[in-house]
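Take a look at the structure set out below.
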Amino acid sequence: MSRIRFTFTREVALAYLSHLDMLRLFLRALRRSGLPLEYSRGYNPHPRFTLALPLPLGVTAGEEIGEVFFSEKVEAGFFIEELTSQLPGGIKLTGAFSVGAEGPYIAALVRAALYRAKLKSISTVHGNARLVKESLEKMLLKEEIIMNRTNKKKKIVSTNVRPFIKEAKMFYEQDKNLELMLELEAGSQGGISPVFFLEQLQKEAPSEIPGVHDWHIHREKIIFVDNPLPAFD
Amino acid sequence: MFGLQGEKMSLEEAVINDILSRVQKPARYQGNEWNSCLKDHSSVSTKMVFAFPDLYEVGMSNQGLKILYHSVNLHDGLLMERVFAPASDMENHLREHKLPLYALESRKPLSTFDVVGFSLQYELSYTNVLNMLDLAGIPLRSENRSMSCPLVIGGGPCAYNPEPLAPFFDLFILGEAEEILPELLLEVGRLKKVVSSRRDLLLHLSNYEGVYVPSFYQPLYEQGILKAIKKLEPQAPDVVKKRLVTRLDDAPYPVSPVVPYIQAVHDRAVIELFRGCARGCRFCQAGYIFRPVRKRSMGNILKLSESLIKNTGYDEISLSSLSSTDYPSIGELIREMDEILTPGRVKCSLPSLRLDSYAVELAEKLHHGKRSSLTFAPEAATERLRRVIRKNISEEEIFSALKDAVDAGWQGFKLYFMIGLPTETDQDVLAIVNLCRKIRQDLKNRAKSGLMLSVSASTFIPKAHTPFQWEPQLELPLVKDRQEMLRSGFKNLRGTDFSWHDPGASHLEAVFARGDRRLALALERAVRLGCRFDGWSEHFSFQRWHEAFDQANLKMEDYAYRKFDYHDCLPWDHLHCGIEKDIFIEEHLKAIAACQEEENS
Ligand code: SF4
């Protein structure tokens, strides 16, 4: 058995896929490639494949990571060649690395993710750049930002997500676009999505700050506890 | 850094992308799927967009779309793209931004294509057809279209009686279009350069077998009754005959269908075993219009299946046909399929099962390990009524098939029935509950952990080109009564789950299924009143439809309850499905005789 981790980008042409859609996309591409997939055991075996962190709908990405197990040794170069020919425009494979089959799954190593959010239309920037900045500051001063979620038992669970915001900065030059840089915690330890962050930001000044849909969100990269790609060491 | 940066995007593209971030399931409108085909618009002679008047998930499961997309795009000189009915949130955004409905592949407006071809699968999608034309900025009525407008064409089962849609379409294709369509499109490309009017263009095209140009025919009414259908162009055929593929093995087959990202209704590869069905159930339009039965050879099936899996990456392949278990060597086929599919861990499935022990045996072979539920359609619960509709299966056979299935490990069954069938009485309806009770009594101890029956009752809809085409639909209050009888019957029956169809929607379907051209006005009014997606219970509004009919000065009952005589002129008399009227009359008489036999004995 062997394992490969690979990096890829997602462009705007395929930005509107959900996490499940992305899984289906890769699984089908992998099946078409004819590479020797390793299957899980049990009643309903499925290929052992995961993506490190779900990418929200509408968000583009610069360095996503996936992980797949094979029943025999597969060279990283061969993998890139075979899988690339099966991927649609909009998803680009940018690297692949063999890692040992032992050890934790990629998803268990995720710590945070780095996002950039940019306003789609420059015209919405003027006049409220200062307001966005003020609101951002106000928001970051808070000790508690509560997120309510319904759990599996249909009960509402409240979490303080303020600690999940590691960093949030604004960049703005006159007559240029406004950009936010966000580092948000993510993964099995808990975290928040950039969509939730922007919703909260808008709440600071609902009528003047752009809504979630006015931003284009790009995930620059996922940040891991350990470097998941040995070749980078 | 940003996906948007560096990519040159037109203003329209930017707006579309912005809209997509604001609608439900934006991938419906995104395109760019695996195996989708984007050609240069300036490199072909004729550009067609295939329009499916329902949601993406529904349309992408349609086999006709896959076949035609493949057979047209095979030609260098032709291109076909796709468009589906936008959900209401998308429609609102398009209207708000004054964006015309666009094709998925190139995102070009529908009006820039030469041909817009609608797939007409069910009557309750007609309002979506009109709404899509409107969203595309194409005049609804064909008489108002100029030379520069696309040709609006239609095909599919509803084209066998397209009269309610006649004023909106330039032409219909009767029957199977995979062979004629590329030919026709090439001809359109050639003719466009030489003819000077739409009428001339249509006149040329009407020479093709299977092409029906509705504006060349005029229905004549006397006191509100259709008396005759007058031909207006001497060159047009008296009777339009359906197109038919003679050898399936020679016809183009879509081995590289577009693979959706979001889950389609049928999310799997499909291989068609044969076309047509020889069983001849008298209510079934598909059984008649797809005749004769044409079988694909086993070698061809295996070869195509292998390519399908290789080209799509699906992990399931459906052996599709109207009644797949009737394939002559189905047992052997399943064995052979197993051999080629196992290494790739692909499973094989059958869409529908005949209610007999052999079918259960086949299902057993297919479901290694997993036993979800089996679907059967007895349609009627008494042997008498089954004889009337020619669903010839005895109660004994039903029980032995179910027993076998339970012994093989199945515990859930879906059973489909129909109410309102000709000659049906309250007794026949109550028999549905009794039959299910008996099934549970007899089998629940055989099943390891109980037996679950999901019973569904649809309402019979008399369809054109069937032996029941002369029959009225059961009156609405009676339909409701009989549904109520079933509801209360099943309420007291444990381990059963009963569902039924919206009686209003079935009534409307019956109106259009045997409707005539006068209905076009009601349809236009309904669209204006906001009717869309009438096949979806959450969108269907019977009240709005009543309003539309009032405005058009028409009555739904006149259409749904009309009983035709054999000598009456039927709205579809000039359209030939390949079966002579005599045969339908004979079958209809047999149905009546089957009913009387029982009464006399
Ligand atoms: S109902 Fe099924 S078996 Fe009967 S004719 Fe139609 S397709 Fe064939």
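The values are calculated or read from the model by the stated rules, or taken from the named source; none is laboratory data. Please read these numbers as outputs of a predicted model, since none were measured by experiment. Using ideal geometry, Cβ is built from the backbone for each residue, glycine included, and neighbour counts are taken over all protein chains shown. Only protein heavy atoms, including side chains, enter the accessible area calculation; ligands, DNA and RNA are left aside. Shrake-Rupley method; radii C 1.70, N 1.55, O 1.52, S 1.80 Å.
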Among (1) open to solvent by 50 Å² or more (accessible area, probe 1.4 Å); (2) in contact with a Ser or Thr (Cβ under 6 Å, 6 or more places away or on another chain) - the single one B:Trp536 does not satisfy: (2)
3 or more residues of a type in the set (A, V, I, L, M): qualifying helices (runs of 4 or more DSSP H) within region B:501-583: B:503-513, B:519-528
Residue count for region A:140-185, restricted to those that are outside any strand (DSSP E or B), under 18 Å from A:Val212 (Cβ atoms) and in contact (Cβ under 8 Å) with a residue 40 or more places away in the chain: 2
Within region B:308-326, considering residues that are away from every other protein chain (no Cβ under 12 Å) and in a helix (DSSP H, G or I), the one surrounded by the most Cβ atoms within 10 Å (Cβ to Cβ): B:Ser324
Criterion: of a type in the set (Asp, Glu) and in contact with a Gly (Cβ under 8 Å, 6 or more places away or on another chain) - qualifying residue of B:Glu587, B:Glu557: B:Glu587
Top-ranked residue of region B:348-362 - restricted to ones that are more than 16 Å from the ligand (Cβ to nearest atom) and buried (at least 19 other Cβ atoms within 10 Å of the Cβ), ranked as nearest to the other protein chains (Cβ to nearest Cβ): B:Cys348
Helices (runs of 4 or more DSSP H) wholly inside region B:19-100 containing at least 3 residues that are away from chain A (no Cβ under 14 Å): B:63-73, B:88-96
Condition met for B:Leu366 (within 16 Å of the ligand (Cβ to nearest atom) and either at pLDDT 95 or above or open to solvent by less than 20 Å² (accessible area, probe 1.4 Å) (or both)): no
Checking B:Asp481 against (1) under 24 Å from B:Phe542 (Cβ atoms); (2) buried (at least 18 other Cβ atoms within 10 Å of the Cβ), the condition it does not meet: (2)
Out of A:Leu37, A:Leu30, A:Leu55, sole residue that is open to solvent by less than 20 Å² (accessible area, probe 1.4 Å), over 16 Å from the mean Cα position of the chain (by Cα), at pLDDT 95 or above and within 14 Å of chain B (Cβ to nearest Cβ): A:Leu30
Number of the exception - A:Ser121 against (1) touching a Phe, Trp or Tyr at 6+ places or on another chain (Cβ under 9 Å); (2) within 14 Å of chain B (Cβ to nearest Cβ): (1)
Subset of region B:172-193 (residues that are farther than 20 Å from B:His75 by Cβ and not in a loop (DSSP other than H, G, I, E, B)): B:Phe172, B:Gly175
Breaking point among (1) polar (S, T, N, Q); (2) under 31 Å from the mean Cα position of the chain (by Cα); (3) more than 15 Å from the ligand (Cβ to nearest atom), for B:Thr375: (3)
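Residue by residue, here is whether (1) of a type in the set (Val, Ile, Thr); (2) open to solvent by 30 Å² or more (accessible area, probe 1.4 Å); (3) in contact with a His (Cβ under 6 Å, 6 or more places away or on another chain) holds:
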position	(1), (2), (3)
B:Arg390	no, yes, no
B:Leu421	no, no, no
B:Leu430	no, yes, no
B:Cys436	no, no, no
B:Lys448	no, yes, no
B:Ile461	yes, no, no
Scope region A:12-27; condition within 7 Å of another protein chain (Cβ to nearest Cβ), out of contact with any helix residue (DSSP H, G or I) (no Cβ under 7 Å at 6 or more places or on another chain) and in a loop (DSSP other than H, G, I, E, B); matching residues: A:Ala15
Matching residues in region B:327-347 - criterion: being open to solvent by 60 Å² or more (accessible area, probe 1.4 Å) and either more than 14 Å from chain A (Cβ to nearest Cβ) or assigned to a strand (DSSP E or B) (or both): B:Pro328, B:Glu332, B:Arg335, B:Glu336, B:Glu339, B:Lys347
Residue list for region B:155-184, restricted to those being open to solvent by less than 20 Å² (accessible area, probe 1.4 Å) and farther than 26 Å from B:Gln218 by Cα: B:Glu178, B:Pro182
Breaking point among (1) loosely packed, with under 13 Cβ neighbours inside 10 Å; (2) in contact (Cβ under 8 Å) with a residue 12 or more places away in the chain; (3) not hydrophobic (A, V, I, L, M, F, W, C), for A:Glu137: (2)
Those residues of region B:492-506 which are open to solvent by 10 Å² or more (accessible area, probe 1.4 Å) and in contact with a strand residue (DSSP E or B) (Cβ under 8 Å, 6 or more places away or on another chain), in sequence order: B:Gly495, B:Thr496, B:Asp497, B:Phe498, B:Ser499, B:Trp500, B:His501, B:Pro503
